[in-house]
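Let me begin by presenting the structure, written as structure tokens, before commenting on it.
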Amino acid sequence: MHLDDSPSWSTSRQETDINVDSSAMDQAVLNLRSLILAGEHYRQVVAGAIGLGTTESQALSYLAVHGSSGQSELARDLGLTSSALTALVDRLERQGVAERVRHPRDRRRTIVSLTERGHSMVDESHRWLAATLERIDPRDLDLVSASLAVIAADLATRTSSDRVDDWADATHALPA
């Protein structure tokens, strides 16, 4: 197994001199879809287990990955309007998992941070995810980790708001 670790890793292997068997690519895409579905199911189960909604759980994951965040950035990255984010952060504060704190240099802004309870929930989730990764051969863990990072970064880029036009020619569902 080989991971192209160059900064401009291409998801289109046709652009490189490496040939990927189309059945291998089809299987990899199927496995990626399965991973995404499993991740969505995981989020629903964990959210229910800890008493949060899936959007609240998504916000906790975001703060766990990216650290404290300004409300505008959090809204943008979660795909929420400003008013929807305000309601979300209100719910997170009521649950005691996040809090608003004043921005250290700009008093007009607030930062959303995890509370001790929020960190505890993230730690429990970390244990669940680590238990899954323990199934990977330790010799392959660095490669799996790097591969997951490449996939996550590419999916984030491909689905960012400034790339929405890439889907303009996609077949749309028929009206109900």
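Some observations on this one:
- Qualifying residue in region 80-89 (condition: modelled with pLDDT of 95 or more and over 26 Å from Thr157 (Cα atoms)): yes
- Long-range neighbours under 8 Å by Cβ, at least six apart or interchain, first residue over 17 Å from Ala130 (Cα atoms) and free of Cβ contacts under 8 Å to residues at least 40 places away in the same chain within region 36-53, second surrounded by 12 or more Cβ atoms within 10 Å (Cβ to Cβ) and aliphatic (A, V, I, L, M): Gly53/Ala47
- Flag for Gly70 being within 21 Å of His126 (Cβ to Cβ) and either at pLDDT 90 or above or charged (D, E, K, R) (or both): no
- Hey, Ser113 within 17 Å of the chain's Cα centre (by Cα), farther than 22 Å from His41 by Cβ and either among the polar types (S, T, N, Q) or crowded, with 16+ Cβ neighbours inside 10 Å (or both) or not: no
- Failed item, numbered, when Arg135 is tested on (1) outside any helix (DSSP H, G or I); (2) at pLDDT below 95: (2)
- Ala28 fulfils the conditions (1) over 19 Å from the mean Cα position of the chain (by Cα); (2) over 26 Å from Ala153 (Cβ atoms) except for a single criterion, (2).
- Taken together, Ser23, Ser34, Ser61 contain a single residue that is closer than 30 Å to Arg139 by Cα, more than 21 Å from the chain's Cα centre (by Cα), among the polar types (S, T, N, Q) and modelled with pLDDT of 90 or more, which is Ser23.
- Residue that is surrounded by fewer than 17 Cβ atoms within 10 Å (Cβ to Cβ) and part of a helix (DSSP H, G or I), where the choices are Asp140, Asp106: Asp140
Conditions tested, residue by residue: (1) under 23 Å from Tyr42 (Cα atoms); (2) free of Cβ contacts under 8 Å to residues at least 12 places away in the same chain.
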{"site": "Gly70", "(1), (2)": "no, no"}
{"site": "Thr81", "(1), (2)": "no, yes"}
{"site": "Thr86", "(1), (2)": "no, no"}
{"site": "Arg91", "(1), (2)": "yes, no"}
{"site": "Gln95", "(1), (2)": "yes, no"}
{"site": "Arg105", "(1), (2)": "no, yes"}
{"site": "Met121", "(1), (2)": "yes, no"}
{"site": "Ser147", "(1), (2)": "yes, no"}
{"site": "Val150", "(1), (2)": "yes, no"}
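- Some residue of region 1-16 being of a type in the set (Val, Ile, Thr) and either in contact with a Gly (Cβ under 6 Å, 6 or more places away or on another chain) or at pLDDT 90 or above (or both): no
- The conditions of being surrounded by fewer than 10 Cβ atoms within 10 Å (Cβ to Cβ), hydrophobic (A, V, I, L, M, F, W, C) and over 15 Å from Tyr62 (Cα atoms) are not met by Ala146.
- Filtered by the rule that a residue be modelled with pLDDT of 90 or more, not small (Gly, Ala, Ser) and not in a strand (DSSP E or B), region 109-127 gives Thr115, Glu116, Arg117, His119, Met121, Val122, Asp123, Glu124, His126, Arg127.
The values are calculated or read from the model by the stated rules, or taken from the named source; none is laboratory data. These numbers come from a predicted model, not from an experiment. Here the Cβ is made from the backbone with ideal geometry for all residues, glycine too, and neighbour counts use every protein chain on show.
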